[in-house]
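*Asks:* Please read through the structure below; I'll follow up with questions.
The values are calculated or read from the model by the stated rules, or taken from the named source; none is laboratory data. Just so it is clear, the structure is predicted and the values come from calculations on it, not from any experiment. When we count neighbours, we look across all protein chains shown, and the Cβ atoms used for this are built from the backbone with ideal geometry, even at glycine.
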């Protein structure tokens with residue numbers, strides 16, 4: 001081997017250009033190997049790599065090269081830079097592979113922030129030695145061999161006075177990568193529904209950079225916020241909520257794309273499609289202002305469970321970038337009062353990082369598609385009726401503790417040309433052009449959701465435990481922007497109405513009567529859990545009590561800052577707005593709530609002492 005290397009040196013010494021070319025090829029080969037090692041550790045398939053745009057391959061390799069240049073600055077030797085870079089990539093790839101294997105999601109900056117908790121969670125699992133691990137070891141070995149060859153070509157350290165060139169190259173490559181991502185509009189666009197899909201389309205280094213930037217710039221500081229003000233804010237709202245001791249079972253349903261098109265346009269439907277919703281006795285109904293129009297389920301999910309407005313969060317999918325370990329939510333709020341909790345969604349655990357975020361919030365039992373009974377109406381999968389039957393099965397097997405059951409449905413998800421038109425039971429008599437068939441299928445699907453709600457409330461009305469149920473839509477259907485709004489609607493009214501989904505809070509006989517005067521009131525999605533708890537006669541934290549006070553004056557508040565008062569007036573949350581001082585305490589408390597557990601003021605978010 002020694003003689004072979006000596007011949008290799010002698011051969012290159014006689015050919016300076018070949019020596020330089022061999023050096024460049026070795027550097028390029030190690031960079032590509034490290035990038036592939038990272039990408040393949042996420043479960044990315046070769047066919048996905050081949051289908052990805054070439055520009056993203058270049059940017060991913062450039063980002064890996066920047067890492068190696070950092071080690072070059074520290075060691076001044078190319079082979080040492082790639083040896084250390086290879087070690088880092090190998091360890092990271094193994095960690096990422098097991099993260100994907102055990103949690104369904106890739107290793108991100110958010111996971112690193114929760115490293116200690118993640119280690120505790122993973123402690124009970126066996127980590128198998130499988131093909132991806134073996135492939136990573138082979139790649140690491142190739143990296144070492146190539147680094148040793150680089151040592152033969154460039155054995156001498158880079159002179160100190162030339163390190164500026166390395167720093168300049170590192171800055172240039174990094175800036176070029178950032179500029180390319182900016183030009184491709186992949187810097188500010190937050191990972192939408194699946195981090196693994198994002199990795200598939202753009203590559204792991206690009207994905208990690210985007211998510212890291214979003215995490216660093218995640219929380220916006222509301223105007224006028226000051227930590228010293230928070231004690232006064234807490235004192236203002238302390239004791240303003242009920243201090244009752246009721247503990248009914250709480251059923252919380254976020255219904256996919258559940259929306260009343262009549263709220264926005266005139267459908268002139270030939271059959272009723274929300275009969276149950278409108279006729280249920282002992283119910284409180286209204287419209288809840290949700291974050292988005294026609295999509296972004298995870299934003300609605302986050303607002304519902306945490307009561308934190310997306311106005312302060314610069315991301316599309318908070319579960320992908322917000323550290324949910326230790327985050328305040330209705331889950332730990334009710335669990336502090338002795339509740340057991342379940343989270344259920346009849347689809348993939350990979351989407352929106354739910355496989356990590358649900359347990360991180362404290363749900364005792366988490367269930368995804370593999371624990372649901374498959375069901376369909378035509379091509380529409382996972383019907384609400386079947387989801388509710390599965391929820392009932394879980395409910396009947398639960399213990400004696402009061403129960404929180406959260407269900408995210410799937411039935412009404414777009415697109416809306418999945419079924420044959422013969423299956424439609426509701427039709428619009430208006431001509432919506434190309435969207436007419438979509439409207440028919442959508443209204444039919446909503447009718448099915450409405451009927452399923454009737455079956456679910458019939459069941460809970462027969463149980464002898466007090467139950468309070470809340471169902472709300474996460475957003476309007478994606479085609480709503482293509483429909484004509486009702487005549488006379490202003491631009492601001494359209495902005496509000498297209499974000500208002502129907503909600504209903506219903507209680508069974510064992511619970512007793514809900515106040516009739518609460519029916520017909522609009523709210524903001526973040527206020528829905530406080531409203532539910534208040535109607536249930538349960539204690540409210542200062543945070544929840546603040547939202548109930550806001551409902552009286554400013555019931556509709558959008559994540560854009562636009563609001564609508566109870567009298568119908570519009571405004572925007574800003575320092576010069578006449579209602580700024582009314583709105584600001586909520587956003588100040590939210591900002592405090594978004595800090596780490598040891599930095600937030602716990603008294604704002606805990607149930608009041610009984």
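*Asks:* Among (1) assigned to a strand (DSSP E or B); (2) farther than 26 Å from residue 395 by Cα, there is one condition residue 285 misses while meeting the rest; what is its number?
*Replies:* All conditions pass for residue 285, except number (2).
*Asks:* Looking at the stretch 465-475, can you tell me whether even one residue there is assigned by TED's automatic domain parsing to the domain that holds residue 550, under 24 Å from the mean Cα position of the chain (by Cα) and surrounded by fewer than 16 Cβ atoms within 10 Å (Cβ to Cβ)?
*Replies:* Looking through the stretch 465-475, none of the residues is assigned by TED's automatic domain parsing to the domain that holds residue 550, under 24 Å from the mean Cα position of the chain (by Cα) and surrounded by fewer than 16 Cβ atoms within 10 Å (Cβ to Cβ).
*Asks:* Would you check if residue 303 is crowded, with 24+ Cβ neighbours inside 10 Å, on the phi < 0 side of the Ramachandran plot and either part of a helix (DSSP H, G or I) or not assigned by TED's automatic domain parsing to the domain that holds residue 331 (or both)? Even if it seems obvious, please write down each step before you answer.
*Replies:* Values: crowded, with 24+ Cβ neighbours inside 10 Å: yes; on the phi < 0 side of the Ramachandran plot: yes; either part of a helix (DSSP H, G or I) or not assigned by TED's automatic domain parsing to the domain that holds residue 331 (or both): yes.
The answer is yes for residue 303.
*Asks:* Has the stretch 313-327 got any residue that is part of a helix (DSSP H, G or I) and at pLDDT 95 or above? Steps first, answer last, please.
*Replies:* Of the stretch 313-327, the ones part of a helix (DSSP H, G or I) are 318-321.
Right, trim to at pLDDT 95 or above and you get none.
No, every residue in the stretch 313-327 fails to be part of a helix (DSSP H, G or I) and at pLDDT 95 or above.
*Asks:* Another question, then. Can you name the residue in the stretch 373-389 that is surrounded by 20 or more Cβ atoms within 10 Å (Cβ to Cβ) and at pLDDT below 95 and is also farthest from residue 414 (Cα to Cα) among such residues?
*Replies:* Checked the stretch 373-389; the qualifying residue farthest from residue 414 (Cα to Cα) is 382.
*Asks:* Also, I was wondering about something else. For residue 298, state whether it is over 25 Å from residue 388 (Cβ atoms), in the same structural domain as residue 452 (by TED's automatic domain parsing) and either touching a strand residue (DSSP E or B) at 6+ places or on another chain (Cβ under 6 Å) or surrounded by 23 or more Cβ atoms within 10 Å (Cβ to Cβ) (or both). Spell out the reasoning first.
*Replies:* Numbers: over 25 Å from residue 388 (Cβ atoms): no; in the same structural domain as residue 452 (by TED's automatic domain parsing): yes; either touching a strand residue (DSSP E or B) at 6+ places or on another chain (Cβ under 6 Å) or surrounded by 23 or more Cβ atoms within 10 Å (Cβ to Cβ) (or both): yes.
No: the conditions fail for residue 298.
*Asks:* Just to be sure before I move on: is residue 514 touching a strand residue (DSSP E or B) at 6+ places or on another chain (Cβ under 8 Å) and modelled with pLDDT of 95 or more in the structure I sent? Step through it out loud before you land on a result.
*Replies:* Values: touching a strand residue (DSSP E or B) at 6+ places or on another chain (Cβ under 8 Å): yes; modelled with pLDDT of 95 or more: no.
The answer is no for residue 514.
*Asks:* Return yes when residue 403 is under 25 Å from residue 101 (Cα atoms) and either surrounded by fewer than 20 Cβ atoms within 10 Å (Cβ to Cβ) or touching a residue at least 12 places away in the same chain (Cβ under 8 Å) (or both) and no when it is not.
*Replies:* Values: under 25 Å from residue 101 (Cα atoms): no; either surrounded by fewer than 20 Cβ atoms within 10 Å (Cβ to Cβ) or touching a residue at least 12 places away in the same chain (Cβ under 8 Å) (or both): yes.
Answer is no for this residue.
*Asks:* A further question follows. Out of 137, 158, 144, which single residue is in contact with a helix residue (DSSP H, G or I) (Cβ under 9 Å, 6 or more places away or on another chain), at negative phi and not in a helix (DSSP H, G or I)? I'd like the intermediate steps shown before the answer.
*Replies:* Numbers: 137 fails: not in a helix (DSSP H, G or I); 144 fails: not in a helix (DSSP H, G or I).
Of the residues listed, the single one that is in contact with a helix residue (DSSP H, G or I) (Cβ under 9 Å, 6 or more places away or on another chain), at negative phi and not in a helix (DSSP H, G or I) is 158.
Residues are listed down the side, and each one gets a yes or a no for (1) at pLDDT 60 or above; (2) surrounded by fewer than 21 Cβ atoms within 10 Å (Cβ to Cβ); (3) in contact with a strand residue (DSSP E or B) (Cβ under 6 Å, 6 or more places away or on another chain):
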{"residue": "85", "(1), (2), (3)": "yes, no, no"}
{"residue": "88", "(1), (2), (3)": "yes, yes, no"}
{"residue": "94", "(1), (2), (3)": "yes, yes, no"}
{"residue": "98", "(1), (2), (3)": "yes, yes, no"}
{"residue": "103", "(1), (2), (3)": "no, yes, no"}
{"residue": "109", "(1), (2), (3)": "yes, yes, no"}
{"residue": "114", "(1), (2), (3)": "no, yes, no"}
{"residue": "120", "(1), (2), (3)": "no, yes, no"}
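Okay, residues lined up against (1) under 18 Å from the mean Cα position of the chain (by Cα); (2) within 21 Å of residue 404 (Cα to Cα):
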{"position": "281", "(1), (2)": "no, no"}
{"position": "300", "(1), (2)": "yes, yes"}
{"position": "309", "(1), (2)": "yes, no"}
{"position": "327", "(1), (2)": "yes, yes"}
{"position": "334", "(1), (2)": "no, yes"}
{"position": "341", "(1), (2)": "no, yes"}
{"position": "354", "(1), (2)": "yes, yes"}
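*Asks:* Applying the selection to the stretch 249-263, what residues are surrounded by 21 or more Cβ atoms within 10 Å (Cβ to Cβ) and assigned to a loop (DSSP other than H, G, I, E, B)?
*Replies:* 256, 257, 258, 259, listed by residue number.
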